[in-house]
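Here the structure is laid out as structure tokens; the discussion comes afterwards.
The values are calculated or read from the model by the stated rules, or taken from the named source; none is laboratory data. Since the structure is predicted, the reported quantities are computational estimates derived from the model, not experimental observations. Glycine also receives a Cβ, built like all others from the backbone with ideal geometry; neighbour counts cover every protein chain displayed.
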Amino acid sequence: MPVADFSLAGKVAIVTGGSRGIGRSIALGLAEHGADVAIAARKPDALAEALAALSNTGRRAIAVPTNVRRTDELSRLVEETQRQLGRVDILVNNAATSPSYGPVQEIDERAWDSLMDTNVKSAHVLSNLAREAMLRHGEGGSIIHVSSIGGFLASDVIGGYSVSKAALVMLTQVQAKTWGKDGIRVNCIAPGLIQTEFSRPLWDDPKFLAASLRDTALHRMATPDEMAGAVVFFASRASSYVTGQTLILDGGRRL
């Protein structure tokens, strides 16, 4: 066995929001390191394209159309993964929404509920379901939440999103503390400004982009692919003694 073992051979992963952006890159990174992967998202066309890219890695892959706000669909996601791929070893809670831009007092109740149901509740529910699946094979597992630099930096533009992402950091710690005895490690990544369609309203704003890059040590945005390596680390035996941690991937924004 290598001293630093990043192989995911024989492992099965679930990635929510896996059809595009950061989630797609994470799914591909996991497959490239040997995992079979189930991707979940709402839009069939985007799922089909991502599934084709995953299949090109030579790993088994499935796409399960899923609205993460619906518990029955989360249950079906785990069930289908076990039925078609045999087990669950890795869960990446990446699906997220940001329906409201502007001051926090302007977020209406519907938008607030959408934020919390998608970004926090779904991660809680799906993690519980994945834990049950991991306990069935008794070999432990790895859960990785995708938070954001917004969970550490207060914002007057995406305040509600920041609150939801801060909650994921604590969910990581609570689950890690509780589930360590089961051999299940729980960690988190917190991306900075990434050039995705999801974040386009931010980086498409010249003033916001200029301010963000000025405060970032590397003076650039990241690509989605630059987020995948940290997830592979957390999913693999290379991080076998790491749990409850959040790795900030922001190019030095908080320095």
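Under 7 Å between Cβ atoms, which residue pairs at least 6 apart in sequence (or on different chains) link something in the stretch 119-139 that is within 14 Å of Glu73 (Cα to Cα) with a partner that is surrounded by fewer than 19 Cβ atoms within 10 Å (Cβ to Cβ)?
As it stands, the answer is Ser122/Arg69; Val125/Thr71; Leu129/Ser75, since those pairs meet every condition given.
Considering only residues of the stretch 1-49 that are part of a strand (DSSP E or B), aliphatic (A, V, I, L, M) and in contact with a strand residue (DSSP E or B) (Cβ under 6 Å, 6 or more places away or on another chain), which is surrounded by the fewest Cβ atoms within 10 Å (Cβ to Cβ)?
Step one: list which residues in the stretch 1-49 are part of a strand (DSSP E or B), which gives 12-16, 36-41.
Filter again for aliphatic (A, V, I, L, M), leaving 12-15, 37-41.
Next cut, in contact with a strand residue (DSSP E or B) (Cβ under 6 Å, 6 or more places away or on another chain) only: 12-15, 37-40.
Details: Val12: 26, Ala13: 31, Ile14: 32, Val15: 33, Val37: 31, Ala38: 30, Ile39: 33, Ala40: 31.
Looking at residues that are part of a strand (DSSP E or B), aliphatic (A, V, I, L, M) and in contact with a strand residue (DSSP E or B) (Cβ under 6 Å, 6 or more places away or on another chain), I get Val12.
For the stretch 108-139, how many residues meet the condition of being of a type in the set (Gly, Ala, Ser), surrounded by 14 or more Cβ atoms within 10 Å (Cβ to Cβ) and more than 22 Å from Val169 (Cβ to Cβ)?
Total meeting the criteria: 1.
Of all residues in the stretch 212-225, which are buried (at least 17 other Cβ atoms within 10 Å of the Cβ) and within 15 Å of Gly23 (Cα to Cα)?
Ala222, Pro224
Does Thr66 satisfy the condition of being hydroxyl-bearing (Ser, Thr, Tyr), closer than 28 Å to Tyr161 by Cα, at pLDDT 95 or above and over 17 Å from the mean Cα position of the chain (by Cα)? Before the answer, list the steps.
On the way: hydroxyl-bearing (Ser, Thr, Tyr): yes; closer than 28 Å to Tyr161 by Cα: yes; at pLDDT 95 or above: yes; over 17 Å from the mean Cα position of the chain (by Cα): no.
When the stated conditions are applied, Thr66 does not pass them.
Given (1) more than 24 Å from Arg200 (Cβ to Cβ); (2) part of a loop (DSSP other than H, G, I, E, B), identify the lone condition not met by Asn67.
Unmet for Asn67, out of (1) more than 24 Å from Arg200 (Cβ to Cβ); (2) part of a loop (DSSP other than H, G, I, E, B): (1).
Do we have any residue at all in the stretch 114-136 that's of a type in the set (A, V, I, L, M, F, W, C), over 22 Å from Ala228 (Cα atoms) and not in a helix (DSSP H, G or I)?
As a first pass, look at the stretch 114-136 and keep what is of a type in the set (A, V, I, L, M, F, W, C): 115-116, 120, 123, 125-126, 129-130, 133-135.
Filter once more, keeping what is over 22 Å from Ala228 (Cα atoms): 115-116, 125, 129, 133-135.
Narrowing the set further to residues that are not in a helix (DSSP H, G or I) leaves none.
No, every residue in the stretch 114-136 fails to be of a type in the set (A, V, I, L, M, F, W, C), over 22 Å from Ala228 (Cα atoms) and not in a helix (DSSP H, G or I).
Would it be correct to say that Arg59 is surrounded by 15 or more Cβ atoms within 10 Å (Cβ to Cβ), without any contact (Cβ under 8 Å) to a residue 40 or more places away in the chain and either polar (S, T, N, Q) or assigned to a loop (DSSP other than H, G, I, E, B) (or both)?
In short, yes.
Does Ala167 meet the test of being under 16 Å from the mean Cα position of the chain (by Cα), hydrophobic (A, V, I, L, M, F, W, C), assigned to a strand (DSSP E or B) and on the phi < 0 side of the Ramachandran plot?
Values: under 16 Å from the mean Cα position of the chain (by Cα): yes; hydrophobic (A, V, I, L, M, F, W, C): yes; assigned to a strand (DSSP E or B): no; on the phi < 0 side of the Ramachandran plot: yes.
In short, no.
Could you say whether any residue in the stretch 179-199 is of a type in the set (Phe, Trp, Tyr), modelled with pLDDT of 95 or more, over 19 Å from Asn128 (Cα atoms) and part of a loop (DSSP other than H, G, I, E, B)? Step through it out loud before you land on a result.
Of the stretch 179-199, the ones of a type in the set (Phe, Trp, Tyr) are 179, 198.
Next cut, modelled with pLDDT of 95 or more only: 179.
If we keep only those that are over 19 Å from Asn128 (Cα atoms) as well, we get none.
The answer is no, given that none of the residues of the stretch 179-199 is of a type in the set (Phe, Trp, Tyr), modelled with pLDDT of 95 or more, over 19 Å from Asn128 (Cα atoms) and part of a loop (DSSP other than H, G, I, E, B).
Scan the stretch 208-255 for residues that are modelled with pLDDT under 95, more than 27 Å from Ile143 (Cα to Cα), among the aliphatic types (A, V, I, L, M) and not in a helix (DSSP H, G or I) and report the count.
1
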